[in-house]
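Colleague: There's a structure below that I have some questions on.
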Amino acid sequence: MMENVVVLLNRDLRVHDHPALAAACAHARHVVPLFVVDPALSAGPRTAFLAESLADLRESLRGRGGDLAVRWGDPVAQAVRLAREVSAQGVYVSEDVSALARRRQRLLAEECERNRMEFLTFPGVTIVPPGALRPSGGGDHYRVFTPYWRAWSDHRRRRVLDAPEKVSFPEGVEAGPLPVSRRASHGLFRGGETVARERMRQWLKYCVDDYADGHDDLAGNRTSKLGPYLRFGCLSPLELESLSEGGADFVRQLCWRDFFHQVTLAFPRINRDDYRPRGQVWRDDRDAAQAWKEGRTGVPIVDAGMRQLLAEGWMHNRARMLTASFLVRRLQVDWRVGAEHFFGLLFDGDVPNNYGNWQWVAGTGNDTRPNRIVNPVRQARRFDPEGEYIRRYLPELDAVPIKMIYEPWRLPRGVRGYPAPLVSMD
């Protein structure tokens, strides 16, 4: 039994099904859960969500006799400093896959070895650990989703862990102040495990069985909106999967999340370089890109999605695909421009899923049909047949007949300031 262990937290802000925290509580007399606020990394609109999640986590830990230590600065330096202060014998973390996370893990392992402390990584960010599955024909990861889905479905799961009953925080350690966001909490998403678990219960009780029929309904409220809670680890993806009985289509979406994590583990520059270079020459059209960002392309279904993103920090999954396709296929603007915009605004924006999905749409990623083009007008007719979604985010089109909304090139010029389409949609 060790005396003290530090658990460095990042995308695992919970107490339920937390392998690193559970192992620390089992192996040490005292446990120091630690979150380091890195001023070099801006959380953008996620700042308030993060602050709320940390406050909720601290309350949960205090309810178990523990606490959450909060420090500011470089995560590796602060973790090692605190570990020295409490004479910790080990530092535990949940393993992550982005280039930044892997660099942090490598440096922390080196510092722990230098200071004769044990350094261990644990699962918990994904359902199946990203490096656990390898194609039978060779290669370090699956490049295509369907064979990964089959292997993933058959893979044996670890046990879902209960929250620790007791977390013993060492005496004399200053907890430190929680970050305070200047941004107001967003009505759609409040941070924290408590809110996340209640949302999960409601989703599983009332909605998951209907997911297959309703998840593409743009105007409907028929998706889980659990993405931000998975992104910050306020929910365990494994626990969510284990409770999603009868929700096979929803579980498939959780598998997509794991899929892009294993791609990112193999290709950590997924947010910078083409996964599959195809020699695409992109247009440097800053005016068109800015119009797209502002929801001023003149194509109503695209503009509705982009304005939802600006207003809510979230966008319906179907709208994400068609707005992304419009940027890279119709405007021929580099996928990195759109991916950075999404990453900066989405509450659930993370490296593997945001950039993996953008490359999939752009034809540089894991899509087996790299020349796929999504027609936004057809998408609008199919998934927003009454124009309810469009009118919700484009109030200037309230009085416009639905036929004209679906044929934006026929809209009278200057309808309450609404622009003509940037490109022909005939």
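Colleague: Which condition does D12 not pass, out of (1) part of a helix (DSSP H, G or I); (2) crowded, with 22+ Cβ neighbours inside 10 Å; (3) in contact with a helix residue (DSSP H, G or I) (Cβ under 9 Å, 6 or more places away or on another chain), if it passes all the others?
Modeller: Of the numbered conditions (1) part of a helix (DSSP H, G or I); (2) crowded, with 22+ Cβ neighbours inside 10 Å; (3) in contact with a helix residue (DSSP H, G or I) (Cβ under 9 Å, 6 or more places away or on another chain), the odd one out for D12 is (1).
Colleague: Next question, about the same structure. Go through (1) outside the structural domain of G233 (by TED's automatic domain parsing); (2) acidic (D, E); (3) in a loop (DSSP other than H, G, I, E, B) one by one and return the number of the condition E110 breaks.
Modeller: All conditions are met except number (3).
Residue-wise test of (1) modelled with pLDDT under 95; (2) out of contact with any Pro (no Cβ under 7 Å at 6 or more places or on another chain); (3) surrounded by 22 or more Cβ atoms within 10 Å (Cβ to Cβ); (4) not charged (D, E, K, R).
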site: L218; (1), (2), (3), (4): no, yes, yes, yes
site: S236; (1), (2), (3), (4): no, yes, yes, yes
site: P268; (1), (2), (3), (4): no, yes, no, yes
site: Y275; (1), (2), (3), (4): no, yes, no, yes
site: W282; (1), (2), (3), (4): no, yes, no, yes
site: R320; (1), (2), (3), (4): no, yes, no, no
site: L327; (1), (2), (3), (4): no, yes, yes, yes
site: R330; (1), (2), (3), (4): no, yes, yes, no
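Colleague: Determine which single condition Q290 fails, assuming it passes every other condition in (1) in a helix (DSSP H, G or I); (2) at pLDDT 95 or above; (3) surrounded by fewer than 19 Cβ atoms within 10 Å (Cβ to Cβ); (4) not assigned by TED's automatic domain parsing to the domain that holds M321.
Modeller: Single failed check for Q290: (4).
Colleague: Now, a different point. What number of residues within region 323-347 are closer than 27 Å to F189 by Cβ, touching a residue at least 40 places away in the same chain (Cβ under 8 Å) and of a type in the set (D, E, K, R)?
Modeller: Selection size over region 323-347: 1.
Colleague: Under the condition of being at pLDDT 95 or above and among the basic types (K, R), which residue from region 42-62 is farthest from F232 (Cα to Cα)?
Modeller: Going through the qualifying residues, I end up with R62.
Colleague: Then there is this: Considering only residues of region 320-337 that are under 22 Å from the mean Cα position of the chain (by Cα) and basic (K, R), which is nearest to G305 (Cα to Cα)?
Modeller: R320
Colleague: Tell me which residues, restricted to region 299-323, are out of contact with any helix residue (DSSP H, G or I) (no Cβ under 6 Å at 6 or more places or on another chain) and outside any helix (DSSP H, G or I).
Modeller: W314, H316
Colleague: Just the residues that are among the aliphatic types (A, V, I, L, M) and either more than 14 Å from A24 (Cβ to Cβ) or not assigned by TED's automatic domain parsing to the domain that holds A20 (or both), please, taken from region 70-100.
Modeller: V70, V76, A77, V80, V97, A99, L100
Colleague: Could I ask something else about it? Which of the residues that make up region 373-390 are within 12 Å of F326 (Cα to Cα) and within 27 Å of the chain's Cα centre (by Cα)?
Modeller: Hits for region 373-390 are I373, V374, N375, P376, Q379.
Colleague: Out of P421, P412, report the one residue that is at pLDDT 90 or above and outside any helix (DSSP H, G or I).
Modeller: Every option except P421 fails the conditions.
Colleague: Related question: Got a sec? Which of I402, I390 is without any contact (Cβ under 8 Å) to a residue 24 or more places away in the chain and surrounded by 15 or more Cβ atoms within 10 Å (Cβ to Cβ)?
Modeller: Exactly one residue qualifies, and that residue is I402.
Colleague: Which one of S325, S244 is out of contact with any strand residue (DSSP E or B) (no Cβ under 9 Å at 6 or more places or on another chain), farther than 24 Å from N375 by Cα and of a type in the set (S, T, Y)?
Modeller: Just a single option satisfies the conditions, and that option is S244.
Colleague: Also: Kindly state which helices (runs of 4 or more DSSP H) lie completely within region 17-101 and contain at least 3 residues that are more than 27 Å from G313 (Cβ to Cβ) and within 23 Å of the chain's Cα centre (by Cα).
Modeller: Once the helices (runs of 4 or more DSSP H) in region 17-101 are filtered for at least 3 residues that are more than 27 Å from G313 (Cβ to Cβ) and within 23 Å of the chain's Cα centre (by Cα), what remains is 19-27.
The values are calculated or read from the model by the stated rules, or taken from the named source; none is laboratory data. Keep in mind the model is a prediction, meaning the values are calculated, not measured. As a convention, Cβ positions derive from the backbone with ideal geometry for all residues, glycine included, and neighbour counts pool all protein chains shown.
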